[in-house]
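Structure first, commentary second.
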Amino acid sequence: MQDTRTRLKNRLSWLLPWLLVSLLGVVWIASQTIDRQRALFETDARIVHRLLSQQVVQHDAILATLALLQPGHTGAQTGEEATPEQRLTALYPHILTVQRRDRDGTWSDPALQQAENVSQQQKRAALAKVDVTKGRYQLVLAAQPMAYALTIDVRGMVPWADWPMKVDSSPVRVVLAHEGQSFLIQKGETDTLSTPSLLDWQFNFSKHLAAASQPFDVVATQTFKWHQLPWVLMLLWPVLVAAVLYLISFLLRQRDARRRAEELLRLGQVARLNTLGELAAGMAHELNQPLTAMLANTQAAQRMLADSPPELETAQRAMTQAVAQARRASEVVGRLRRAVEQPESDQGTQALELGDVLRRAVYLLEPEAKRLGIVINMQSAEPVWVLADSVALDQIVHNLLMNAFQALESSNAEPKRLQINTAQSGQFGELRVADNGAGIPEDVLPRLFEPFFSTREGGLGLGLSLCETLAQGMGGEISAGNQATGGAEFTLKLPLSKQQTPST
Ligand code: ADP
């Protein structure tokens, strides 16, 4: 239960960054696409504006040239030579007609007359008739003695060769607008006219043509639909982010596993060293007895020899030497034993919080617990600060946990439980490690802490004996028993520390 909750919490802690980075990325891709589309649209609209402006400016120039040269003024008054300006229509197909008001004459069309008056006033060409729906307009320039008027076809005026867009397929709609009327130049997307939905983007461009005589506006519009966004890329992005996050979490897990392995290796090395010490202690115990006996015997022999004839002086010297040797051996063994039994006594102790030590140990053994299907439950009413040697305490805890793992591995209990409690008990900090394995048989209990006692096949039987030595070295004790519900329970007691912060 707790396991699934932690797993869920772990997943959620990745979900949030994934959501955030995905969302930011998707918004960024969308806004980049829209910006690019808008920039393309504006560039095209500006080119269209420049091209059409060039055309209308050219109309002004043509009229000015006609007025200046007055081509109809000289020569015969009839035939083609009299109206050479008519050749303009061949040169500029979008100039449909060129009309002329002769010297002292009047325009047949009053609109042209009116436009000439305006032109006269404004000193530039003026619009006469504008039929935007047909795409035609007339432009008049007042001049003396003759004035000229051009009829211009808007569609023909568009320089399609230089047009920046594909007329049939471009989504951009282009019109030439004049006083509320508009002439369609490029259709754009058919549904451009329909009102854009909330999710669509509308690009607009509107600018007067560059000739004051022809006050038309170039109006360009484009609707960028939400479905035109690069959805494949936008959906690929979250997948990519998920893949990268998965890779990071994989690498982190790998680093974690490597750290655990290194820490376990270190613990193993310390354990091996300590086990060696324990082994030496065991041997010392074994050796001390015969050595003491040897010493007593040789001393007795020396005394007896002293009662013998005096020639035996050499023998006496040899015996003295033997005594000295035996003493030396005993001393060496004694020193070794003392060194092992009191590992640096008080020197390495510091204030340690039992919960911290436990969490570290459990963290290291987590993969093994998972493999064996063991549920570990840690309980502590309050922080318990003890005075202990960090390495020694690590080792005791590790040994107790490993023993419980071994007991649970060969047990059929379901689920396999390991309960760890810490508490204060008088002057001691108490740590209890209980499992729901088979427990300890009554006849085994008294021998549990003996060196080389083991019921496990291939077991050295030094683990608990070492734990006891280490605990006693720190002024504490360790005991074992069975729980009422079955399963073994080990209790470690260590002196409480007055200091409640980790000493450095
Ligand atoms: P080893 O693990 O090499 O056998 P230990 O000194 O660690 O040596 O343990 C001695 C014995 O104590 C084990 O062989 C086992 O019989 C018993 N023992 C230790 N822990 C438990 C436990 N949690 N449940 C049952 N028996 C245990």
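The values are calculated or read from the model by the stated rules, or taken from the named source; none is laboratory data. Worth saying up front: this structure is predicted, and the values here are computed from it rather than measured. Note: ideal-geometry Cβ built from the backbone for every residue, glycine included; neighbour counts use all protein chains shown.
Things to note:
- Selection status of Gln122, surrounded by 15 or more Cβ atoms within 10 Å (Cβ to Cβ) and farther than 23 Å from Gly180 by Cα: no
- Hits in the range 62-86 (condition: surrounded by 12 or more Cβ atoms within 10 Å (Cβ to Cβ), assigned to a helix (DSSP H, G or I) and at pLDDT 55 or above): Ile62, Leu63, Ala64, Thr65, Leu66, Ala67, Leu69, Ala82, Pro84, Glu85, Gln86
- Unique residue being of a type in the set (D, E, K, R) and free of Cβ contacts under 8 Å to residues at least 60 places away in the same chain when the list is Arg11, Arg38: Arg11
- All strands (runs of 3 or more DSSP E) inside the range 407-504 with 1 or more residues being near the ligand (Cβ under 9 Å from one of its atoms): 428-435, 477-482, 488-495
- Here Leu127, Leu184 are screened, and the one residue that is assigned to a strand (DSSP E or B), closer than 22 Å to Ala45 by Cβ, in contact with a strand residue (DSSP E or B) (Cβ under 8 Å, 6 or more places away or on another chain) and not hydroxyl-bearing (Ser, Thr, Tyr) is Leu184.
Yes/no matrix, rows are residues, columns are (1) under 47 Å from the mean Cα position of the chain (by Cα); (2) in contact (Cβ under 8 Å) with a residue 24 or more places away in the chain; (3) within 25 Å of Ser390 (Cβ to Cβ):
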position: Phe449; (1), (2), (3): no, yes, yes
position: Leu462; (1), (2), (3): no, yes, yes
position: Ser465; (1), (2), (3): no, yes, yes
position: Glu468; (1), (2), (3): no, no, yes
position: Gly476; (1), (2), (3): no, yes, yes
position: Leu496; (1), (2), (3): yes, yes, yes
position: Gln499; (1), (2), (3): yes, yes, yes
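- Any hit, the range 228-247, residues being among the aliphatic types (A, V, I, L, M), outside any helix (DSSP H, G or I), surrounded by 10 or more Cβ atoms within 10 Å (Cβ to Cβ) and out of contact with any Pro (no Cβ under 9 Å at 6 or more places or on another chain): yes
- Scanning the range 387-406 for residues that are touching a residue at least 60 places away in the same chain (Cβ under 8 Å) and either away from the ligand (no atom under 16 Å from the Cβ) or part of a strand (DSSP E or B) (or both) yields Leu387, Ala388, Asp389, Val391, Leu393.
To keep it simple, each residue is scored yes or no on (1) surrounded by 16 or more Cβ atoms within 10 Å (Cβ to Cβ); (2) out of contact with any helix residue (DSSP H, G or I) (no Cβ under 6 Å at 6 or more places or on another chain); (3) on the phi > 0 side of the Ramachandran plot; (4) not aliphatic (A, V, I, L, M).
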| residue | (1), (2), (3), (4) |
| --- | --- |
| Val384 | yes, no, no, no |
| Ala388 | yes, yes, no, no |
| Ala404 | yes, yes, no, no |
| Leu408 | yes, yes, no, no |
| Arg417 | yes, yes, no, yes |
| Ala438 | yes, yes, no, no |
| Thr455 | no, yes, no, yes |
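- Restricting attention to the range 12-53, the residues that are within 18 Å of the chain's Cα centre (by Cα), among the hydroxyl-bearing types (Ser, Thr, Tyr) and surrounded by 17 or more Cβ atoms within 10 Å (Cβ to Cβ) total 1.
- Any hit, the range 434-444, residues being of a type in the set (S, T, N, Q) and farther than 28 Å from Leu279 by Cβ: yes
- Within the range 149-191, if we keep just the residues that are surrounded by fewer than 16 Cβ atoms within 10 Å (Cβ to Cβ) and β-branched (Val, Ile, Thr), the residue that is modelled with the highest pLDDT turns out to be Val167.
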